[in-house]
Amino acid sequence: MPINLKNYHHIVVLTGAGISVASGIRTFRGPGGLWEDIDPMIYATHEALLETPLMVWKLFGVLRTQLKTHGPNPAHNYLADIEKQLSNEHQFTLITQNIDGLHLAAGSINVVEMHGAIQRTRCSNEFCQLKPFEDDDPHTEVLPTCPICHAPLRPDIVLFNEFLSEDVERRCHTALLDVDLFIAIGTSGVVYPAASFVHSAYRKHARTILINLEPMDPPNPYFMEETIGKAEECLPELITV
C-alpha cells in the first residue's frame, strides 16, 4: 500500500548497509564483504585502536578508496528529494547505521550518522583540541598522527566496545518521541541500539514498515508491514509526497 508522507508529521527513516548495495560498495559483512580479509572482532575494536591502530586503518581505509569512485544511488537520491518536498509542518529524520556518508552526499539534510563517518578523521586522544576533519586518505600504509598531541589519528567512527556519542543518542531519542511513521530500509534491524527503534515506534502506535532484500528471519513482530526488494526500486513505488 503506497505511503503518502504528507499524511504523517513525525517521520523516522532508519537505513542500513542494504541501501548502499546499488552504489557498488562492498559491504563489511557477508560473502565478499570487506571483513572477509581481516577479522573485525579483533581489529574493529576499541582495544585494537589502542594496541594496533594501523590495523584499524587497514580494515576501514579501503572504504575510503572505494568512495572516491562510488557515489549515492537512486535510493539515496530519492530520500533526499522527498525530504525537500515536505513542508515545515513535517519532521523528517534519517538515521543511518552506515558510515559511508552517501546520504549527505545525496543532499539529505536532517541526517543522524549513528556510527560516524569514514571520511572524517579525528584524534584518538579524547582530551586533544583537534577537531574532526574531512579526510579521504586511506592511511593503510603509514599510521597518521595528530599534529597537536602526536597521538595516533583514527577514523571518526564507532568501533566495537565504544559508545555512541551523547549527541547521537539525544537526536535519535528526540526523533522517536512523537514518531507516527517508521521505515527501516536495508537493515535487518537486529543490531542494538537501532534494533530498539522499531519497538519504540510500535509502542507509540506509529506505522512501522521494513524494506529489505530478504524476509525477516525470524519475523519481527514490531514491523507491521514488510516489502522485499531493492531499495532503489521499492522506494518510488511505495513512498510519495
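Here, each number is a calculation from the coordinates, and none is a lab measurement. Predicted model, so just to flag it, every value in this text is computed and none were measured. Positions of Cβ are backbone-derived with ideal geometry, glycine not excepted, and every protein chain shown enters the neighbour counts.
Close Lys pairs in the chain, defined as Cα atoms under 24 Å apart and 8 or more places apart or on different chains, number 8. Taking every C-alpha pair closer than 8 Å and separated by at least 6 residues, the mean separation divided by the residue count of segment 58-201 gives a relative contact order of 22 percent. Within the chain, the selection of entire DSSP H helices by a Cα span of 20 Å or greater along the long axis and an average Kyte-Doolittle value of at least 0.5 returns 53-67. FRET efficiency for the pair His9 and Asn125, taken as 1/(1 + (r/R0)^6) with r the Cβ-Cβ distance and R0 = 35 Å, rounds to 0.25.
Note on the chain: GNM, Cα springs under 10 Å; of Cys146, Cys172, Cys123, the largest mean-square fluctuation is that of Cys146.
The mean sequence separation of alpha-carbon pairs under 8 Å and at least six residues apart, normalised by the residue count of segment 178-241, gives a relative contact order of 32 percent.
Under a Gaussian network description of the chain, with springs only between Cα atoms under 10 Å, the residue in Val142, Val13, Val179 that fluctuates furthest is Val142. Between the residues Asn125, Trp57, Leu181, the greatest Cα displacement towards the positive end of the dipole of the chain, with unit charges on the Cβ of Lys, Arg, Asp and Glu, is found for Leu181. Using C-alpha pairs below 8 Å separated by at least 6 residues, the relative contact order for the chain is 27 percent.
Inter-label distance, Thr174 to Thr227: 2.9 nm, where each label sits 7 Å from its Cα along the C-beta direction.
Mean-square fluctuations from a GNM of the chain, with a 10 angstrom spring cutoff on Cα atoms, peak among Asn88, Asn73, Asn125 at Asn88. From the square roots a ≥ b ≥ c of the eigenvalues of the alpha-carbon gyration tensor of the chain, which class results: rounded (a/c under 1.5), prolate (a/b over b/c), or oblate? Prolate shape, in that a/c is at least 1.5 and a/b is the bigger ratio.
Distance between the pseudo-spin-label points of Asn110 and Lys68 (7 Å out from Cα toward the beta carbon): 3.7 nm.
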